[in-house]
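In what follows, a structure is listed as structure tokens, so that the remarks can point back to it.
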Amino acid sequence: MMMLKDTVIFRNKKFYSKNIGSYEGKRNIDTDNKIYESKYSAVYKEGMDIYKTVKVSSYFRDNFRLLTTRSKSYDEIKGNNFLKQLGINVHNIKYWGISPMSHDVNELLITEYLKDYLPVEHHTIAFREKGVLEKILIQIANDINTMASNGAIYRDLHFQNVMSKLNGQICWIDTGLKYLKSKNKINKKLQIKINVIKRDMLDTGLLSANEWNSFYDTLSFGKQ
């Protein structure tokens, strides 16, 4: 149910809360500080908050899904809560708003800005210099094991969606998950995703063979 008292205006577009609790942040935000964009979403930073707008790719389908549990943001919020219950560190989602019958963007997520965190994929050199890269890789593998043991895998599993501090403390973002009851199916799907990570991290030289082996050997799922 939409909560009109929790309306947020972002870049002159009004979003109505479908929310996870009352929202106490800014209600009118106008920023051009875009830090990421894909064909599915755009991400902005303002102060200590991150604003993610979800793009409409199919007008009737995407707006209809706002009324169901199949919207893109719902998946992320559900996965975020699921991982918290497993004890996996995830970012805090502060607000979920929708803009019904929109032609451009129809969902807004406001999340915490992860100060002092860096995406693992782009900062392996810094983590290696701090002596924490192996610790990070092992923790990522252990978290993947925990998810798989509980019937879930990341829809978009790559090391850009894992953030870490320079002390090795990691945090997962973009938490859309796929849930499967069959461990055999989980293993097969993870094999594909692990091969993509291998291509992105080992084959490009971002990880050494020994570093990759520390990650791969810790995995209980997704091996050939």
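The values are calculated or read from the model by the stated rules, or taken from the named source; none is laboratory data. Bear in mind the structure is a predicted one, so any value in this text is a computation, not a measurement. Don't worry about glycine lacking a Cβ; one is built from the backbone with ideal geometry, like all the others, and counts go over all protein chains shown. Accessible surface is based on the protein model in full, side chains and every heavy atom, while ligands, DNA and RNA are left aside. Shrake-Rupley method; radii C 1.70, N 1.55, O 1.52, S 1.80 Å.
Some observations on this one:
- Rounded percent of accessible protein surface that carbon and sulfur make up, the chain, 1.4 Å probe: 50 percent
- DSSP bridge pairs, the stretch 1-104: antiparallel proportion in percent, nearest 5: 90 percent
- Residues of type lysines that LYS198 reaches as a straight line, Cα spacing below 17 Å, ignoring anything fewer than 8 places off in the same chain: LYS188, LYS189, LYS223
- Under the criterion of Cα pairs below 8 Å and six or more residues apart, the relative contact order for the stretch 77-120 equals 30 percent.
- Pairwise label distance in nanometres, ARG11 with GLU46, each label 7 Å out on the Cα-Cβ vector: 1.1 nm
- In this structure, the pairs whose alpha-carbon distance is over 32 Å, taken from LYS39/LYS193; LYS55/LYS185; LYS13/LYS181; LYS78/LYS183; LYS13/LYS165, are LYS13/LYS181; LYS13/LYS165.
- Helix-derived mean residue ellipticity, 222 nm - over the chain, DSSP H n ≥ 4, -39500 (n - 2.57), to 500: -10000 deg cm²/dmol
- Excluding ligands, DNA and RNA, the accessible surface per residue across the chain is 52 Å² with a 1.4 Å probe.
- Angle in degrees between helix 133-149 and the longest Cα principal axis of the chain, rounded to the nearest 10: 70 degrees
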